[in-house]
Ligand code: SF4
Ligand code: SF4
């Protein structure tokens, strides 16, 4: 079995890809996997789990989720390279039930994509505790059982901006190996972005050590602005593969102008997980999207930089915060259910949610899971004044 070490494996394959044509994707991915040193032995007779990004029930054309054509191409290649089984496993945001999984697979296009027989869909909602004594922020996790039973995990991540972590790619996608609403509890447990990011690094490092992994990034069309779900689809035109998720994300961050700006990647760098990636194929500069929009929550100016310089308390006062757009809101209550700090209540008379700002931990789960893009990130009024 070809495994790797996060502190040694640096190869990242990057190529131009402007289409979701399955045969083109297969051709490019097959070449990339060989470029990073994989052979058929990596998949031969193995139980392979595909871990997509299905953060929320949304059509693939909105670019918030892994494109089904990428899943089909990867699954078919795994089988051609000798895999015994290919199973898609994901824990989207919200409850982790068979019904919720069925809806997510159907709306994200994975149900239809699986009908060709390239991969099966998981409906087993079991999970188990695992220990990770090397963890800095977390020394144990609850992980979906089908992932623990896999011989190989192929992480099918999507390149997007992210309101909380600035960017989501390979590392952040492993957060979806934690069952359902427990992800909200993790936000509540780690309200500080640095602690939350540190546990993301722990979780990803745990997976890298537990079993062989391959990370494939769908950056053909990504998401800019208020990602990971309410931003805009943005053509990036790239496909990436690497065994090292930190090195892959480091290269991906250069495509969208977020290099050295993502906290969990900087923490991974400090732990020696990135080094200097060896990029095989296209140079990142040739695929860079110069005007890629970061999330609103990342917009900073003189006041925020100064308050950050002076310390956390002042910074928290100036931080952007969520607000409900009452015209767009339909009163579905998803934000109430997803708030880890339980700081959103439903005004039953008006059927509109109300946020108590003092308890808000700025995790932006409400924005991520609102199906109507009705949660906006607002700047402090003082900051607006100096703009
Ligand atoms: S999730 Fe969005 S649409 Fe639903 S109640 Fe909250 S703000 Fe309104
Ligand atoms: S109101 Fe939104 S941003 Fe604030 S804690 Fe709740 S889910 Fe997180």
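Numerical summary
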item: Single condition residue 184 does not satisfy, out of (1) in a helix (DSSP H, G or I); (2) within 20 Å of residue 88 (Cα to Cα); result: (2)
item: Within the stretch 333-376, considering residues that are part of a strand (DSSP E or B) and more than 8 Å from ligand 2 (Cβ to nearest atom), the one surrounded by the most Cβ atoms within 10 Å (Cβ to Cβ); result: 353
item: Residue that is nearest to residue 364 (Cα to Cα), among those in the stretch 317-332 that are more than 13 Å from ligand 2 (Cβ to nearest atom) and in a loop (DSSP other than H, G, I, E, B); result: 325
item: Pick from the stretch 377-387, criterion over 27 Å from the mean Cα position of the chain (by Cα) and part of a loop (DSSP other than H, G, I, E, B), ranking: modelled with the lowest pLDDT; result: 387
item: Output for the stretch 327-346, where each listed residue is more than 10 Å from ligand 1 (Cβ to nearest atom) and over 22 Å from residue 295 (Cβ atoms); result: 342, 345
item: Close pairs (6 angstrom Cβ cut-off, 6 or more residues apart or separate chains): touching a residue at least 60 places away in the same chain (Cβ under 8 Å) and closer than 14 Å to residue 375 by Cα in the stretch 329-347, within 7 Å of ligand 2 (Cβ to nearest atom) and part of a helix (DSSP H, G or I) anywhere; result: 338/365; 339/366
item: Failed criterion for residue 53 (all others in (1) more than 16 Å from residue 92 (Cβ to Cβ); (2) touching a strand residue (DSSP E or B) at 6+ places or on another chain (Cβ under 6 Å) hold); result: (1)
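The values are calculated or read from the model by the stated rules, or taken from the named source; none is laboratory data. The model shown is predicted, which means the values in this text are computed figures rather than measured ones. Please note: Cβ atoms are built from the backbone with ideal geometry, for glycine as well, and neighbour counts cover all protein chains shown.
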